[in-house]
Each structure stands twice: as structure tokens, then as C-alpha cells.
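All remarks here apply to the structure that follows.
Readers should treat all values here as calculations from the given coordinates under stated rules, not as data from a laboratory. In this text the structure is predicted, and so the values were computed from the model without any measurement. Cβ placement follows ideal geometry from the backbone for every residue including glycine, while neighbour counts extend to all protein chains displayed.
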Amino acid sequence: MLSKRLIACLDIRNGNLAKSIKFVNTKEIGDAVEAAGRYYADGADELVFYDINASFENRDILIDTVNKVANQVFIPFSVGGGLRTLDDCIGVILAGAEKIHLNSNAVKNPTLISEVARRFGVQCMILSTDVLRMEKSARIKSGFEIVINGGRTRTGLDALEWIKKGVDLGAGEVVLNAIDADGTLNGYDIELTRLIADSINVPVVASGGAGSPEHIKEVLTDGGADAALVSSIIHYKNYTLGEIKDYLNKAGVKVRL
Amino acid sequence: MITIVDYNAGNLTSVRRALDYLGIQCRVSGEAADIISAERIIFPGVGNAQSAMENLNKTGIAAALKTAVASGTPFLGICLGMQIMMSHSDEGDVKCLDFFDGNVVLLKPSDRRLKIPHMGWDSLKYKKKHKLFDGIDPKSEFYFVHSYYANPTDFKDVIALSEHGIDFAAVIGKGNMFACQFHPEKSGEAGLKILKNFSVWNGEVAL
């Protein structure tokens, strides 16, 4: 039986680890490669790198970071942020990433999902979504709307409908970034996670809001998530990954120790 | 020196990086002569069995692999590499290398909540000891990504099982051949230990 995964999320900017609260007030808080090595040693099941100021000029820095990480980290890791074309995706996979994330650019160009899935297999294609809570309406039936461009632009897309479409196009995994919860340390959006986990047949990764091991347990059990993304809770050294896993294990959640 | 077989089937660099990190000498080659003369062979693979077999047959690598295996070269198959060491794969209905008798079949868990591919960390149920697991905690988990699995006819070839709705062969071995469905190069310290053990394994099964 598969273990529930704990995924350490590293937002990176210029090769450094960065952290924002609700997508603003970004600070650079350390070297990304060094942080990756630390979380690997501490028992992360997987790593994610989001390049938060992805631009053409920064592409070489990103590839260099991916390469360095792949030389010293022997667990799967994925890369997202500003991947616009199939060639962008090929670049990070050849540099050593296991999978790629598409977010805004999947919304703008959904066929890119299928192109990546065809080239590398669905297991390489992660659909990452930024989700904002809304009043339920004729357009946003689920009460969750997809936003893009780092949370700045509303799309009018219902999150549940978009995610189902993304899976049909070839996404092999879905990340749910609950924007209202991001960086608050008040817990994941359990309702959103459960809604999506019950509606699709690929793994669901919950993201945004972890402040305690109890929150992580809640989203992996009540929320039905296959994996939990953690960032602030470990970057600011409130808890180590080892402590969180120890808690989950004692609480009866199957994790890799 | 380990020879990593290059047959245009996916991510060879992750295996090479792991060996480099461990300080184990290796070369990546798709030349039949290099494979026949190799001291040890790692046969990785990601992707589709049918196109992999087409490449192996077209390039003459399939014949070189058979020669190497018959001569006793220690041989490690990984993921798709393991699958095409079987006699046949349902993925594309293709005849494979036939190092192990048995078919490769699609995972079809009866519990519909179980997702395909079987992707993530999973534990092993050991059926036999093997030198490549020396020094590895039996509770260690390994990283899997696959939709098909090898189903050997002879249960004696099974070293360890894993479970995803059903029990399936996660590790098989016979003589100088060892093959795992998971990715040792992506399985943290336990996976690296398998690669390290392989780098000094003489291909004998005696413990």
C-alpha cells in the first residue's frame, strides 16, 4: 500500500529559497540547493521547486539550480513556474527533474498539457492550480474559482470543471493551492481537497496553510489527499519533516519513515 | 566499471548521477561491443515496452544483452528494464528478452479508489534474501511509477513483492540477474545502497 507523501515546496527566486504570505511580501531566505539537500536528508518524500520570477533571463539560473539539485538529491522532484512551451518542459526534465507543473500556462494553452503527457507520460505532467473561494454561482458552481498569474487574475473558470478537463487532457497529478489558506498556518482547505479528491482518479496534492502536524494529518485523512505540500512550517523551522512524519505515523497514517 | 545501457528509452541521467554521487565508475553506451565486454550492466528504462523492444532489436542491443547475460555478467534491470527482461509484454503485445519466463500485465486493482499508475513510495514483502539488499532496513520503502507489472511464471524467481490492490513481483532475480520495478536511483539512501551493493556484486546468489 502506498505511503502518503510529504512534499517539501521550495519557492525559488534567483537560485534562492523565497517565501511569501498570500503571494505578497516575498523574502529570500536561503540557498535553494542547500535547502533541498537538507530536506532530502530530513526525509522529504519529494521536492517541488516553483520559480516565482520565471523569465527568459532567469531560465539559465533555474536550469543550473535543477542540475545541482539532481546531483545530490535522490528522490523525485518537480519544477514549475513560467514553463510556457514544450521546449521549456523538456529543458527542466533533461536537467534532472522528474515531473513538471503547469499552472497559468495550462489555462492559457490547455493543449500543452497533452503535449507534455504524450512526450513524457502522464506521470510527468502535474496540473498545478491556484484556487480562490467564491460565492457559488451559475458560473462557479463549486464555489471555487481558478486564478492565475500568481493569484492576481481571476479566470471565471470553475475549479472542479477545470481540473476534470485537465485530467482528461493528460494531467497525471493535481496540486491544489488554496490561496485563502496560503501562508496562514491555519490549516489546509479540507472542503476543497475532499471535493477534488472524490472527483478525479489521479493523485491529489494539498497545498497552502499547514501550520501543525495535525493540519497535515487532517488533509491526508478527512481531505482525502494523497500527498501534502509543506513550506512555511518547515522553512521557518517550526517543525522538521522528521517530527511531522513521526506524528503522522503515531496517528496511524502510513508514511515512509 | 558499470555500463548503463542507452537505448533511447528515457531518463538515463538519473542513474548516472546516482553512481557519480556514490563514486562508482560508469559509462553510458548503446554499442553492442561495449555491452558484451561490460563488467557490470545496468539496464534502466522509462516509457513504452513496444517502442523499447523495437529499438533494442533494431540496434542489435537485444542480442548483445543476451550474450552478456549468458556469460554471467552481473545485470540489474530497473522499471521498464525489468519488464522487458520477461518473455512477453501486454503493453503493445510484444515479445521481450525472455530472461525470465512470464508476462507483463496491466495493473487493474479491483478497488476503484486505487489510482493508476502506482506512483509513490511503497514497502516490500521479502520472499528471499539477496546480496543486493545487504545492509538495508527491511522496513525501507522504495519509489515506484508504473502501470504494468512483471508476472513471472516461476515463483522461485520472486525476491520481494509489493502491493497495490494485488500483490505483484517488485523484485526478481535468478543467477547473475536482478531486477526491480521501483527506481533505486530515486529511492533515497536505501536505493543508493542497492546500487552500491550492485557495484561490488560478483553475480553469485550464494549469501
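Run through the range B:22-120 and list the trypsin sites (Lys or Arg not before Pro) located in a DSSP loop whose Cβ has at most 15 other Cβ atoms within 10 Å.
Details: sites: B:Arg27, B:Arg40, B:Lys58, B:Lys66, B:Lys95, B:Arg112, B:Arg113, B:Lys115; in loops: B:Arg112, B:Arg113, B:Lys115.
Here the sparse-neighbourhood loop sites are B:Arg112, B:Arg113.
One compactness figure for chain A is 0.92, namely its Cα radius of gyration divided by 2.2 N^0.38 Å. When the charge dipole of the range B:2-200 is built from unit charges on Cβ atoms (+1 for Lys and Arg, -1 for Asp and Glu) and taken about the Cα centre, the candidate among B:Thr73, B:Ser87, B:Ile194 whose Cα reaches farthest toward its positive end is B:Ile194.
Give me B:Met82, B:Met53, A:Met1, B:Met119 sorted ascending by neighbouring Cβ count inside 10 Å, so fewest comes first. Walk me through the numbers before you get to the answer.
Values: B:Met82 29, B:Met53 21, A:Met1 11, B:Met119 24.
Fewest to most other Cβ atoms nearby, the residues stand as A:Met1, B:Met53, B:Met119, B:Met82.
For the range A:93-232, the residue among A:Asn177, A:Gly96, A:Thr193 whose Cα projects farthest onto the positive side of the dipole built from Cβ charges is A:Gly96. Between A:Ala117, A:Tyr39, A:Pro213, the Cα set farthest toward the positive side of the dipole of chain A (charges on each charged residue's Cβ, about the Cα centre) is that of A:Ala117.
Filter the cross-link list A:Lys4/B:Lys186; B:Lys95/B:Lys193; A:Lys245/B:Lys129 down to pairs whose alpha-carbon distance in this structure exceeds 26 Å.
Details: A:Lys4/B:Lys186 17 Å; B:Lys95/B:Lys193 32 Å; A:Lys245/B:Lys129 29 Å.
The answer is B:Lys95/B:Lys193; A:Lys245/B:Lys129.
Take the Cβ atoms of A:Thr221 and B:Gln50, set R0 to 41 Å, and the FRET efficiency comes out at 0.55.
By the scheme Lys and Arg +1, Asp and Glu -1, what is the net charge of all other residues having a beta-carbon under 13 Å from that of A:Asn238? Show your work: numbers first, answer last.
Working: positive: A:Lys19, A:Lys237; negative: A:Glu214, A:Glu243.
Net charge in that neighbourhood comes out at 0.
To one decimal place, what Kirkwood hydrodynamic radius in Å is obtained for the range A:180-230 from all pairs of distinct Cα atoms? 10.4 Å is the Kirkwood radius here. Think of each Lys and Arg Cβ as +1 and each Asp and Glu Cβ as -1; about the Cα centre, that makes the dipole of the range A:5-250 roughly 360 debye.
Amide H contacts of A:Gly143 (H built 1.01 Å from N, in plane; Pro and chain starts excluded): A:Ser137 sit under 5 Å, all sequence-distant by 5 or more or on other chains.
Straight-line reach from A:Lys164: which lysines fall under 19 Å, measuring Cα to Cα and dropping same-chain residues less than 8 apart? Excluding near neighbours in sequence, the set is A:Lys108, A:Lys136, A:Lys141, B:Lys115.
Shape verdict for the range A:1-115, please, from the Cα gyration tensor: rounded (a/c under 1.5), prolate (a/b greater than b/c) or oblate. Rounded shape, in that the Cα axes give a/c under 1.5.
What is the magnitude of the charge dipole of the range B:1-79 about its Cα centre, with +1 placed on the Cβ of each Lys and Arg, -1 on the Cβ of each Asp and Glu, and no other charges, expressed in debye to the nearest 20? Intermediate results must be reported in sequence, preceding the final value.
Details: 6 positive and 6 negative charges, 19 e Å.
I would put it at about 80 debye.
Translational diffusion of the range B:96-207 was estimated from the Stokes-Einstein equation, with Rh taken as the Kirkwood radius over Cα pairs; at 25 °C and 0.890 mPa s the coefficient is 169 µm²/s.
Shown in residue order for the range A:223-235 are the 3J(HN,Hα) couplings computed by the Karplus curve 6.51 cos²θ - 1.76 cosθ + 1.60 at θ = phi - 60°: x, x, 6, 8, 8, 10, 8, 10, 9, 3, 4, 9, 5 Hz (x for Gly and Pro). In terms of other Cβ atoms within 10 Å, A:Tyr236, A:Tyr247 run from fewest to most in the order A:Tyr236, A:Tyr247.
About the Cα centre, and with charges only on the beta carbon of Lys, Arg (+1) and Asp, Glu (-1), how big is the dipole of the range B:2-200? Nearest 20 debye, please.
Numbers: 22 positive and 22 negative charges, 74 e Å.
Its charge dipole is roughly 360 debye.
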